[in-house]
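Please read the structure below before turning to the comments.
The values are calculated or read from the model by the stated rules, or taken from the named source; none is laboratory data. Bear in mind that the values here come from a model prediction, so they are computed numbers and not experimental data. Note that each Cβ is placed from the backbone with ideal geometry, even for glycine, and that neighbours are counted across all protein chains shown. With ligands, DNA and RNA removed, areas are computed over all heavy atoms of the protein, side chains included. Shrake-Rupley method; radii C 1.70, N 1.55, O 1.52, S 1.80 Å.
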Amino acid sequence: RKKKHLNMLTRLKRSIIMVKVNVKDVGGFIVKNDERYVVKDNTHLNNLVLSSTDLNPGRQTSGHHHKGQEEVYIFTGGNGRMLIGDYGLIPGDSDILTINKNFRVDEGDIVLIEDGKYHQVINDSEGMLSFVCVFDGGRKH
């Protein structure tokens, strides 16, 4: 009985190690790689995606929004700016974007992106800006 219990613990430890990652390497696969950035997605989980981005100096992400999807951004290196906004604040024109937040982000900052909010990261520094995102569902952008 004791041996069976030890075997279960060993299997449990192995499964925990398989899903442990580091903010400097989230595992997974490169999904975008161009002059702006390198983006890597870990889709090990069924309902969440863990993604890392290394954003080159003087570059910015493609601003976007997701209907029905929230995101958490964890800044792991460097500094830059983040824009948060809304579409459709002007009556009768749902295509017009209004930026209502423009703020500095630094290593260690965490930004919570609400469902449907436009968001964009800008690296206005001379060094690399790195961040990890966690979002529900699959990649829609």
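Using a Cα-Cα cut-off of under 12 Å, which aspartates and glutamates could be cross-linked to LYS67, ignoring same-chain neighbours fewer than 8 residues away?
ASP86, GLU114, ASP115, ASP136
Tell me, what does the Kirkwood hydrodynamic radius of the stretch 43-141 come to in angstroms if you use every pair of distinct C-alpha atoms?
That comes to 14.0 Å for the stretch 43-141.
Modelled label-to-label distance, SER125 and TYR87, 7 Å Cα→beta-carbon offset: nm?
3.1
At 1.4 Å probe size, with the rest of the protein present, what percent of the exposed accessible area of the stretch 82-141 is carbon and sulfur atoms?
That share works out to 51 percent.
Could you put SER130, SER94 in order of accessible surface area, largest first, with the 1.4 Å probe and the full protein assembly present?
Output order, biggest surface exposure first: SER94, SER130.
Grab the Cα-Cα distance for ASN47 and ASP136, subtract it from 0.36 nm times how many residues apart they are, and report the gain in nm with one decimal.
31.5 nm
Of ILE113, ILE30, which has the most accessible area with a 1.4 Å probe, and how do the rest follow in descending order? The partial results should precede the final answer.
Working: ILE113 10, ILE30 105 Å².
Output order, biggest surface exposure first: ILE30, ILE113.
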